[in-house]
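S.K.: Structure provided below as structure tokens; questions to follow.
The values are calculated or read from the model by the stated rules, or taken from the named source; none is laboratory data. This one's a predicted model, so the numbers in the text were calculated from it and none came from an experiment. Every residue, glycine among them, receives a Cβ derived from its backbone with ideal geometry; neighbour counts consider all protein chains shown.
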Amino acid sequence: MILVLRQKDKEKKIYGAEREAVNTAERAERKQQLREKKQHEELQRLEMERQAEIRSYKGLMVSEKMTSNKQIAPTSKSL
């Protein structure tokens, strides 16, 4: 009877160690998937920001590129 109980206890320890190893591997895999998902989302966010900046007039509306009619009038001939 004692031998049977010892055998069951050893099996529980073995199964417990196996279960812990599997759980550790699953946790590591989930963490890796979460990291990949966050990285993908960050890349998407950056791409959307880049596209929004391209569509905006931010690069065109700078003071160096602006001219007024007063600046143009002396250099051009009017009809």
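For every residue, the table says whether it meets (1) surrounded by fewer than 10 Cβ atoms within 10 Å (Cβ to Cβ); (2) at pLDDT 75 or above; (3) over 35 Å from the mean Cα position of the chain (by Cα).
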position: 2; (1), (2), (3): yes, no, yes
position: 16; (1), (2), (3): no, yes, yes
position: 20; (1), (2), (3): no, yes, no
position: 37; (1), (2), (3): no, yes, no
position: 40; (1), (2), (3): no, yes, no
position: 47; (1), (2), (3): no, yes, no
position: 53; (1), (2), (3): no, yes, no
position: 57; (1), (2), (3): yes, yes, no
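S.K.: Which of the residues that make up the stretch 60-79 are of a type in the set (Val, Ile, Thr) and either in contact with a His (Cβ under 6 Å, 6 or more places away or on another chain) or modelled with pLDDT of 75 or more (or both)? Break it down into steps so the answer makes sense when it comes.
M.R.: Taking the stretch 60-79 as the starting set, the residues that turn out to be of a type in the set (Val, Ile, Thr) are 62, 67, 72, 75.
Matches in the stretch 60-79: 62, 67, 72.
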